[in-house]
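Nothing in this text is a laboratory measurement; each read-out follows from the coordinates by a stated rule. Not measured: the values here are computed from a predicted model. Glycine gets a Cβ as well: all are built from the backbone with ideal geometry, and neighbour counts include every protein chain shown.
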């Protein structure tokens with residue numbers, strides 16, 4: 001069995017983070033050829049991710065396999081915005097998103113933020129966020145060749161220890 005190590009992100013993780021996003025992002029592009037997504041792709045490039053990792057407004061938590069491969073990661077901005085959540089295909093369906101979401105909530109609570117939380121959910125990921133207790137806020141948005149649903153989570157009040165609604 002391959003165990004995973006949860007740790008905070010470091011500058012040297014930018015390459016793996018950007019590569020995982022690039023692998024998964026086409027699933028939520030509006031156009032199969034990625035038309036119009038250039039600003040998004042620039043915002044998740046290795047250079048951009050290195051900038052986020054160096055910026056104190058952002059925090060990253062990674063799940064790393066024994067061989068050093070990135071299984072998944074989550075990032076927050078300003079403690080309350082879920083900025084990124086990606087899990088490698090080989091690890092999907094094994095509860096990693098929930099584990100990462102819990103790590104983000106614990107990190108935010110340790111920094112004095114217990115909610116609310118926001119996310120701009122890709123449409124294929126909405127069910128995961130709804131399972132975590134996020135609710136849609138307003139209409140679906142379309143920007144830079146992507147569609148997303150703004151969502152909000154109330155925070156720790158009314159949730160169990162895993163951050164799921166009670």
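Annotation: peptides 17-23, 58-64, ranked by per-residue average of other Cβ atoms within 10 Å with the highest first, follow the order 58-64, 17-23. Of the two radii for region 42-166, the radius of gyration is 0.95 times the Kirkwood radius, both from the alpha carbons; that is the Rg over Rh value. For the peptides 34-40, 102-108, the ranking by mean Cβ contacts within 10 Å, running from highest to lowest, is 102-108, 34-40. Percent of C-alpha pairs per 5 Å bin in region 4-113, short distances first: 2, 12, 23, 24, 20, 13, 5, 1, 0.
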